[in-house]
Amino acid sequence: MQLGYVTDDIDAAAAYLESAMGTGPCVKSYASSLGGGRPPASASDPRTAFVVVDGRPADEWRIDVALVNAGPTNLEVIRPVDGAVDLYRDAVRPGEPVTLHHVGFVVDDFDEASAVVAASGRTWKQFGDNGTIRFGYLDMRAELGHFVEVMELGQPAERWLAQIDAACAIANCSSTNPR
């Protein structure tokens, strides 16, 4: 459902998608942060925002994000800002508008996906929860050349993505976007 890219300039990346790729207007968010939170100790603990990178909770983790839909596919562009964001920073090609970073898939149950990951002998390179999306990145660069992101979307995230899709439909970008 998603192609994820990285960049060193979120505004230039959004302009590139809008002009060169024919998308509708990108929805941008600056300095999104998940740093400082901790994963719940048990399933009964309240849900809080956090991110774990390489097995350790990140104290600082900030990114800029631009989102737009190309037909049914969500395009996400991430600019690493500060903290434990080397997963994105290491893939940036300086001066290029966007670089493929990950392919994203939606699952119904992130806990079940985590069990499948563990049973395969792998671990999440990064995982977290922003309150509306539980997500994890598998490092598949050796096999595929990119990361794979697995997401469980809560109702607020589904509504937000539907708004991005509606904005694309209003801008009539779905018929002009490459697939």
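The values are calculated or read from the model by the stated rules, or taken from the named source; none is laboratory data. Predicted, not measured: the structure shown is a model, and the values here were computed from it. Using ideal geometry, Cβ is built from the backbone for each residue, glycine included, and neighbour counts are taken over all protein chains shown. Surface areas here come from the heavy atoms of the whole protein model, side chains and all, with no ligands, DNA or RNA. Shrake-Rupley method; radii C 1.70, N 1.55, O 1.52, S 1.80 Å.
Using the heavy atoms of the protein chains and a 1.4 angstrom probe, tell me the accessible area per residue for the range 1-154 in square angstrom.
Value returned for the range 1-154: 47 Å² of accessible area per residue.
Using the Cα centre of the range 22-138 as the reference point, and only Cβ charges (+1 on K/R, -1 on D/E), how large is the resulting charge dipole? Debye, rounded to the nearest 20. Intermediate values should be presented prior to the final figure.
On the way: 11 positive and 15 negative charges, 40 e Å.
The calculation lands at about 200 debye.
Roughly how much of residue 44 is accessible, in Å² to the nearest 10, using a 1.4 Å probe?
Accessible area, nearest 10 Å²: 110 Å².
Which residue, 144, 119, 14, has the largest displacement toward the positive end of the dipole of the chain when charges sit on each Cβ (Lys, Arg +1; Asp, Glu -1)?
Of the options given, the answer is 14.
With the full set of protein chains in place, find how many percent of the accessible area of the chain is carbon and sulfur; take the probe as 1.4 Å.
That share works out to 53 percent.
Once whole DSSP H runs in the chain are found, which of them have Cα atoms spread over 18 Å or more along the helix axis and a mean Kyte-Doolittle score of at least 0.0?
Counting only whole DSSP H runs, the qualifying helices are 155-170.
Nothing charged except the Cβ atoms of Lys and Arg (+1) and of Asp and Glu (-1): what's the magnitude of the dipole of the range 71-151 about its Cα centre? Round to the nearest 20 debye.
The calculation lands at about 280 debye.
Tell me, what does the Kirkwood hydrodynamic radius of the chain come to in angstroms if you use every pair of distinct C-alpha atoms?
After inverting the mean inverse Cα-Cα distance, the result is 16.8 Å.
For residue 62, what is the net charge nearby, where nearby means another residue's Cβ is under 12 Å from its Cβ and Lys, Arg count +1, Asp, Glu -1?
My count for the surroundings of residue 62 gives -2.
Extending each Cα 7 Å along its Cβ direction at residue 45 and residue 111, get the distance between those two points in nm, one decimal.
1.4
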